[in-house]
Amino acid sequence: MLELLFLLLPVAMGYGWFMGRNSIKQKDQTAKQDLSIKYSTGLNYLLSNQQDKAIDYLIEALKVEDDTVEAHFALANLFRKRGELDRALKVHEHLVRHGNLPSKPQQQAVFELAKDFLTAGLYDRAEHMFHKLLKSKIYKEKSLTYLMQIYQSTKDWEQGVLLRKAIFKLNNKQLLHNLGNFYCELSVEAQQQDKFIDVIELLEQALICDPKSCRANWHLAGVYEEHEQYEQAAKCYEAIYRQDKDFFPEVIEKMHACYKHLGREDEFFSFIRQVYDETGGTSALIKYLEHLTEKHNIDKAVEFLLTALKRRPTIRGFKHFVKIQLGRKASDAEKESLTVIREMITEYINMRPRYSCRSCGFNSSTHYWSCPSCHDWETLKPVRGLEGE
């Protein structure tokens, strides 16, 4: 009897192991079946337009198996695209609260939830979430971009400037460009309070962030002119030409005024001739024609203008040609005809936009440092072509 017991013991152990293994498999199979049931039920509710119940069932599936995380991101993205932001929020909030997610999907959940809050206009909550990701290698740059958008929307320039260290560490040119404009906005506030030293320091910081910031040099030139430092102002205007030739037409008259105060107009017109030769711009052409008319005669100016119009025909250039013709000897009938033509051209020019955004194509008759359409900085520039420069 004892010998039989020893013989049956290994069999009993083997049977126990086999049954235990089958039990585990059965539990796994049951779990998978439960998962399948929940997803099937959730999809059925979704298809029958009972979306609140669908979300509850699909979220419940996450508790069974973490491999369903990607499916939840896809579901939330679908809700967001359909404009059902409250449902997308519900899914992302559940993912954020889930304590056992790996680092990468956990960060993704926080990022997506922050975007939901931002879309909903809940800036404080979005800001809090994006700040959580500033140490993330994957989402740091995107989070900084969104934070700068938030601070631009709320005009909280000081909070944006506090991100300076992180932005410089990334060395992202677009973020540095945006940061430079935040300093410019702060300089405007300082100027309203007559804080001259602060204004200069803030604009210098703007140029450190973005050496190509035309706006910073524009404001600097204005400050220098206000304090009759025309040499420094003229250098700022010349710097604008080196930074962005498309923007330079806006400061030609201001630059001319500085050189007048300095008694160096010949030097200015020599520079303007160089500008025209390099760009063919109408504003530079018209300004240089003033010099030709004064130093030489109208015939010399007309000859130069006709050559210029053949090179680059523009409506503004033609209007100036009519203006010159009105100044020459002509009969009353000829002057009346030319006057009608000039008024028609003037009316047409006044109807057309003066500025165009180089990012989104938005047109405007008024200049803005931030495009009212796409909100990019320093992209609204004088129109080029037949109707512009």
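With the checklist (1) of a type outside the set (F, W, Y); (2) surrounded by 16 or more Cβ atoms within 10 Å (Cβ to Cβ); (3) part of a helix (DSSP H, G or I) in hand, flag the one item A333 doesn't pass. The failed condition is (2).
Out of Y348, Y368, Y355, one residue alone is open to solvent by less than 60 Å² (accessible area, probe 1.4 Å) and hydroxyl-bearing (S, T, Y). It is Y355.
This table checks each residue for (1) without any contact (Cβ under 8 Å) to a residue 40 or more places away in the chain; (2) open to solvent by less than 20 Å² (accessible area, probe 1.4 Å); (3) aromatic (F, W, Y); (4) outside any loop (DSSP other than H, G, I, E, B).
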{"site": "E158", "(1), (2), (3), (4)": "yes, no, no, yes"}
{"site": "K169", "(1), (2), (3), (4)": "yes, no, no, yes"}
{"site": "L179", "(1), (2), (3), (4)": "yes, yes, no, yes"}
{"site": "L186", "(1), (2), (3), (4)": "yes, no, no, yes"}
{"site": "A190", "(1), (2), (3), (4)": "yes, yes, no, yes"}
{"site": "D194", "(1), (2), (3), (4)": "yes, no, no, no"}
{"site": "V199", "(1), (2), (3), (4)": "yes, yes, no, yes"}
{"site": "L207", "(1), (2), (3), (4)": "yes, no, no, yes"}
{"site": "K212", "(1), (2), (3), (4)": "yes, no, no, no"}
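Considering the range 101-134, the residues that are open to solvent by 10 Å² or more (accessible area, probe 1.4 Å) and among the small types (G, A, S) include one that is nearest to R87 (Cα to Cα), namely A120.
If you go through the range 236-250 and pick out every residue that is closer than 12 Å to K381 by Cβ and either touching a strand residue (DSSP E or B) at 6+ places or on another chain (Cβ under 7 Å) or among the hydrophobic types (A, V, I, L, M, F, W, C) (or both), you end up with 6. Against the condition open to solvent by 70 Å² or more (accessible area, probe 1.4 Å) and either on the phi > 0 side of the Ramachandran plot or touching a helix residue (DSSP H, G or I) at 6+ places or on another chain (Cβ under 8 Å) (or both), how does T145 come out, does it pass? When the stated conditions are applied, T145 does not pass them.
Within the range 75-127, the only residue that satisfies the criterion of being aliphatic (A, V, I, L, M), assigned to a loop (DSSP other than H, G, I, E, B) and over 28 Å from the mean Cα position of the chain (by Cα) is L101. Within the range 241-264, the set of residues being more than 21 Å from H219 (Cβ to Cβ) and surrounded by 14 or more Cβ atoms within 10 Å (Cβ to Cβ) comprises R264 only. Could you please find all residues in the range 345-365 being within 22 Å of G180 (Cα to Cα) and either of a type in the set (D, E, K, R) or in a loop (DSSP other than H, G, I, E, B) (or both)? Passing the criteria: R358, S359, C360.
Residues that are part of a helix (DSSP H, G or I) and at pLDDT below 95 are absent from the range 251-264.
The sole residue among S143, S136 that is over 24 Å from E201 (Cβ atoms), of a type in the set (S, T, N, Q) and not in a helix (DSSP H, G or I) is S136.
Answer with yes or no whether F268 is touching a Cys at 6+ places or on another chain (Cβ under 9 Å) and either over 30 Å from E238 (Cβ atoms) or surrounded by 15 or more Cβ atoms within 10 Å (Cβ to Cβ) (or both). The answer is yes for F268. Residue-level check: of (1) part of a helix (DSSP H, G or I); (2) over 24 Å from I324 (Cβ atoms), K245 misses just (1). Specify the residue that is farthest from E290 (Cα to Cα); the eligible residues are those in the range 308-324 that are open to solvent by less than 40 Å² (accessible area, probe 1.4 Å) and not hydrophobic (A, V, I, L, M, F, W, C). The selected residue is T314.
Can you name the residue in the range 72-100 that is touching a Ser or Thr at 6+ places or on another chain (Cβ under 9 Å) and either hydrophobic (A, V, I, L, M, F, W, C) or in contact (Cβ under 8 Å) with a residue 60 or more places away in the chain (or both) and is also surrounded by the most Cβ atoms within 10 Å (Cβ to Cβ) among such residues? Among them, the one singled out is A88.
The values are calculated or read from the model by the stated rules, or taken from the named source; none is laboratory data. Worth saying up front: this structure is predicted, and the values here are computed from it rather than measured. Cβ sites come from the backbone with ideal geometry, for glycine too, and all protein chains shown count toward neighbours. The accessibility values were calculated without ligands, DNA or RNA, using every heavy atom of the protein model including side chains. Shrake-Rupley method; radii C 1.70, N 1.55, O 1.52, S 1.80 Å.
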